[in-house]
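Read through the structure below, which is laid out as structure tokens, and then see the notes.
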Amino acid sequence: MKLRIVTQAEKDLRGTEPQLWPPFMDQDQVVQAFWPRLYEVYADFQLWVLDGKRTVAYACTLPVRWDGIPEPRGLDWAMSNGVAGDPSDLCAIVVGVLPEYRGQGLSATLLRRMAGLASAHGLDCMIAPVRPTWKERYPLTPIDRYILWRREDGLPYDPWLRTHERLGAEILDLAPRSMCVTGSREEWEEWTGLQFPEDGEYVVPGALVPVRFEGGRGTYVEPNVWMRHPL
């Protein structure tokens with residue numbers, strides 16, 4: 001397998017990225033409104049991985065102005081208040097890898113390349129509101145307890161947190177309101193293929209915590225974990 005990594009500035013590959021996330025993940029209004037700017041304004045900071053002509057993975061980052069205090073809004077903060085002022089740090093937004101290309105170190109390679117972008121642009125460090133991969137398996141477990149789970153070797157139980165930590169990242173704090181998705185009952189049924197007959201909390205595939213319905217509208221508030229990569 002011989003892969004190439006290129007930036008958006010080198011090759012415009014918008015529209016070729018793998019569809020890896022549940023449909024409701026595309027409905028955060030802050031992220032949805034800002035997303036085109038990643039490729040139009042910050043093209044040097046977006047990475048594509050090609051196997052021949054096929055896009056098999058991608059990674060997005062964003063230069064932000066960070067005062068050293070982990071922001072509770074996580075991803076939503078990065079794509080709003082985070083871009084105000086001269087950038088000081090790089091925020092890792094997302095890494096997406098096709099299932100058949102996982103388990104071969106590609107995610108770690110992309111994290112290193114992302115940290116390299118921070119160094120190349122003279123930024124202080126790379127921070128990330130990390131979405132724990134396996135938290136969706138335990139949606140009823142509070143995130144503050146989940147991040148304490150460790151394997152016998154002392155590394156995090158969660159594989160994505162573990163990858164970050166192996167590369168030298170440290171957990172700073174929680175981002176309890178990293179993303180927020182709201183919608184009508186009908187919209188949620190379209191996004192998930194499920195039915196929500198009454199108000200209350202529902203476990204939804206792909207969601208890290210339950211979706212809460214009240215007055216016929218569903219709200220999903222996703223917690224992430226702030227981690228910091230020294231350069």
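Here, each number is a calculation from the coordinates, and none is a lab measurement. Quantities reported herein were computed from a predicted structural model and do not represent experimental measurements. No Cβ is skipped: glycine too gets one built from the backbone with ideal geometry, and neighbour counts run over all protein chains shown.
Here the 3J(HN,Hα) profile of the stretch 149-163, calculated from phi with Karplus coefficients 6.51, -1.76 and 1.60 at θ = phi - 60°, is 5, 10, 7, 5, 7, x, 7, x, 4, 6, x, 6, 4, 5, 4 Hz, Gly and Pro shown as x.
Taking the longest Cα principal axis of the chain as reference, the axis of helix 106-120 is set at about 60 degrees.
Working from label points 7 Å from Cα in the Cα-to-Cβ sense, the LEU148 to LEU3 distance is 3.5 nm.
Amide H to amide H, with H built 1.01 Å from N, TRP226 comes under 5 Å of VAL130, LEU172, ASP173, LEU174, ALA175, counting only residues 5 or more places away or on other chains.
The slack in the chain from ARG166 to ALA108, taken as 0.36 nm per residue of separation less the alpha-carbon distance, amounts to 20.0 nm.
Pairs of alpha-carbon atoms within less than 8 angstrom and 6+ residues apart define the contacts here; what relative contact order does the chain have, in percent?
Here the relative contact order equals 21 percent.
Residues of the stretch 162-179 with an amide N closer than 18 Å to a point placed 7 Å from the Cα of ILE69 along the Cα-to-Cβ direction: 172-178.
Are there trypsin sites (Lys or Arg not before Pro) in the stretch 130-190 that DSSP puts in a loop and that have at most 14 other Cβ atoms within 10 Å, and which ones?
Qualifying residues, ordered by number: ARG151.
Taking the C-alpha atoms only, the angle from helix 29-40 to the longest principal axis of the chain is near 20 degrees. Take the Cα of LEU20, step 7 Å toward its Cβ, do the same at SER88, and the gap between the two points is 3.0 nm.
At most 11 other C-beta atoms within 10 Å and a DSSP loop state: those are the exposed GluC sites (Glu not before Pro) I care about. Give me the longest piece of the chain that has none. Segment 1-151 is the longest. Calculated mean residue ellipticity at 222 nm for the chain: -6500 deg cm²/dmol, from DSSP H runs with n ≥ 4 weighted as -39500 (n - 2.57), summed, divided by the residue count and rounded to 500. Multiplying the residue separation of ARG37 and GLU100 by 0.36 nm and removing their Cα-Cα distance gives an extension gain of 19.7 nm. In a fully extended conformation the segment linking SER80 and GLU189 would gain 36.4 nm over its present Cα-Cα distance, using 0.36 nm per residue. A DSSP coil position with no more than 14 other Cβ atoms inside 10 Å describes the following chymotrypsin sites (Phe, Trp or Tyr not before Pro) in the stretch 90-154: TRP149.
Spacing of the modelled spin labels on VAL203 and LEU140, each 7 Å from Cα toward Cβ, amounts to 0.6 nm.
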